[in-house]
1. Can you give the translational diffusion coefficient of the range 131-201 in µm²/s, computed by Stokes-Einstein from the Kirkwood radius over Cα pairs at 4 °C and 1.567 mPa s?
2. Helix-derived [θ] at 222 nm for the chain: sum -39500 (n - 2.57) over DSSP H runs of at least 4, divide by residue count, nearest 500?
3. Under 1.5 on a/c is rounded, so check that first for the chain, then, if it is not, pick prolate when a/b is larger than b/c and oblate when it is not; a ≥ b ≥ c are the square roots of the alpha carbon gyration tensor eigenvalues.
4. Dipole size in debye (nearest 20) for the range 103-208 around its Cα centre, Lys and Arg Cβ +1, Asp and Glu Cβ -1?
5. Using a simple charge model, +1 on the beta-carbon of Lys and Arg, -1 on the beta-carbon of Asp and Glu, nothing else, what dipole does the range 129-276 show about its Cα centre, in debye to the nearest 20?
6. Counting other C-beta atoms within 10 Å, which of 50, 99 has the fewest, and how do the rest follow?
7. Would you kindly derive the ³J(HN,Hα) couplings of the range 81-86 from the backbone phi angles with the Karplus curve 6.51 cos²θ - 1.76 cosθ + 1.60 (θ = phi - 60°), listing them in order in whole Hz, with x for Gly and Pro?
8. Can you give me the C-alpha center-to-center distance between the range 75-117 and the range 223-286, rounded to a whole angstrom?
Amino acid sequence: MHLLDVDDLTTDELSAVLARAAEIKADPGEYEDLLDQQTLGMIFEKPSTRTRVSFETGMTQLGGHALFLGPDDIHLGHGEPVKDTARALARYVDFVMARVFDHEDVEELAAYSDVPVINALTDDAHPCQTLADLLTIREKFDGFDVDVAWVGDGNNVCQSFVLGAAMTGIDLTVATPEGYEVSDAVLDRAAEVGDAPATTTDPEAAVDGADVVYTDVFVSMGQEDRRHEKLDDFDGFQITTDLLGDRTLMHCLPAHRGEEVTDAVIESDNAVVWDQAENRLHAQKGLLAWLARDGA
């Protein structure tokens with residue numbers, strides 16, 4: 001199977017992936033040869049620190065090998081159709097991971113690939129980040145009986161988290177400025193797998209009663225030409241010490257300190273952002289192990 005967004009998994013499958021991730025994190029030696037002689041092809045149109053290092057390290061720790069394929073290394077979308085790249089890669093590697101701009105590209109890779117395709121970020125979704133987020137919440141709160149407020153852009157990270165929250169029973173409120181809401185299609189999908197989040201344009205109302213406040217950059221990669229416009233639109237949505245209070249802060253990183261979050265907040269003891277970053281490694285190892293054993 002492929003993971004193009006979180007709800008490609010059933011609720012039971014999501015639980016199994018997270019449980020496998022926790023098992024591997026607790027006892028990595030039990031899985032150190034699981035992917036012996038297996039290769040992950042890593043397609044990157046967008047640069048990344050956490051995605052590349054966590055997937056490459058994860059494959060190594062599971063006994064396999066990761067192959068970096070940057071925009072100058074292959075012909076994805078230029079030189080040959082995406083479907084041809086998918087069919088060729090599937091003859092060489094055991095998994096394909098793609099971090100690209102257009103979600104349609106991972107859909108086409110999956111349609112023509114005979115091996116699992118993992119979406120490592122598109123402009124529409126970021127399921128691997130959501131797996132790490134859910135693993136972090138599971139650890140910090142001993143489950144998912146937690147209230148979370150998303151404050152910021154209803155972007156790809158938010159949209160996948162909306163689905164993950166619905167599937168695990170997290171009580172989620174999403175606060176965005178007008179014009180930056182989560183798509184209606186994602187809200188409909190959340191309602192199909194659980195409860196769709198409450199939505200508001202008021203950050204203070206969103207965080208009232210929350211245990212966790214989650215935010216992401218206001219200006220995403222590829223939107224630099226809209227920087228000033230977006231910063232104006234997100235006035236009042238910055239996570240400050242006063243807005244956060246004694247709540248837990250989550251952020252997928254990298255953070256634009258002084259924009260969506262203050263330096264004092266992200267450096268505070270309330271922030272679990274480094275645990276989230278570490279859990280990218282463990283969650284993706286859990287996913288790869290689950291795909292190899294149960295989800296292929």
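Every read-out reported here was derived from the displayed coordinates using simple, explicitly stated rules and does not represent laboratory data. None of these values were measured; they are calculated from a predicted model. Methodologically, a virtual Cβ is constructed for each residue, glycine included, from the backbone with ideal geometry; neighbour enumeration extends over all protein chains shown.
1. Numbers: Rh = 12.0 Å.
Roughly 108 µm²/s, to the nearest whole number.
2. -12000 deg cm²/dmol, from helical runs alone.
3. Prolate shape, in that a/c is at least 1.5 and a/b is the bigger ratio.
4. On the way: 3 positive and 23 negative charges, 72 e Å.
Magnitude of the dipole: close to 340 debye.
5. So the dipole magnitude of the range 129-276 works out to roughly 400 debye.
6. Going from least to most buried by this count: 50, 99.
7. x, 4, 5, 6, 4, 4
8. About 31 Å separates the Cα centre of the range 75-117 from the one of the range 223-286.
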